[in-house]
Amino acid sequence: MLMNPNFAFLNSFINISEATFAEVQKIAEFKKIEAGNQIVKLNVVPSKVYLLVSGAIRCYLPSESGKEFNKSFYLPTSFVASLTALIKEKPSLLIFEALTDCKIYEIDFNQLKNLREHNLEINRLYSKVLEMVYIKYEKRLVELISLDAKDRYLELKKQIPNVDEIISQYHIASYLGITSVQLSRIRKKIAIN
């Protein structure tokens, strides 16, 4: 019998029982999101956590001048949320937007917190997910301060081998903190070598 891929994903953090998975399923709603739609909006207090099961989502910070700074990309299977805004119950400074049509499970954060209160497995799972989020954040920070643009691009390609096919050059360049022209030059240099 095949294991539910979402159950397998949660079990990649800690072993959870089928009963605990059933509790999580009760507070999760499956949704399809079209490309270009925002699941977390700027200056709105979020109330949901998302499990991305297909598609690609970006998280970005808009500037007053209209420039966008991509913070991260999410691919299946991963959790997506404006975590600081959720925890602090404050408006999000970030926007989460579908880059492609996506399939997600939407989970009410308050219901998840309530489940944590009486289910040790969910509490442990929550802690493990937070640890993973922090490790990814720290890795990204180290990349930004220690790698040049070419090495940041190569690191991104290691993490997302087909990044050039699924994410536009503009968004990749923004994520790397460079212009599209600079990204084109980096790609040409890599292709020559």
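The values are calculated or read from the model by the stated rules, or taken from the named source; none is laboratory data. All values reported here derive from a predicted model rather than from experimental measurement. Backbone-built Cβ (ideal geometry, glycine too); neighbour counts: all protein chains shown. Heavy atoms of the whole protein, side chains included, go into the accessibility calculation; ligands, DNA and RNA do not. Shrake-Rupley method; radii C 1.70, N 1.55, O 1.52, S 1.80 Å.
Listed values, structure above:
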{"read-out": "3 or more residues among the aromatic types (Phe, Trp, Tyr): qualifying helices (runs of 4 or more DSSP H) within segment 99-193", "value": "120-146"}
{"read-out": "Of residues in segment 53-104 being buried (at least 19 other Cβ atoms within 10 Å of the Cβ) and of a type in the set (Ser, Thr, Tyr), the one farthest from VAL24 (Cα to Cα)", "value": "TYR60"}
{"read-out": "PHE30 being part of a strand (DSSP E or B) and loosely packed, with under 15 Cβ neighbours inside 10 Å", "value": "yes"}
{"read-out": "Residue satisfying all of: in segment 33-47; of a type outside the set (A, V, I, L, M, F, W, C) and in a loop (DSSP other than H, G, I, E, B); least open to solvent (accessible area, probe 1.4 Å) among these", "value": "PRO46"}
{"read-out": "Subset of segment 73-98 [part of a helix (DSSP H, G or I) and either of a type outside the set (A, V, I, L, M) or in contact with a Cys (Cβ under 6 Å, 6 or more places away or on another chain) (or both)]", "value": "THR84, LYS88"}
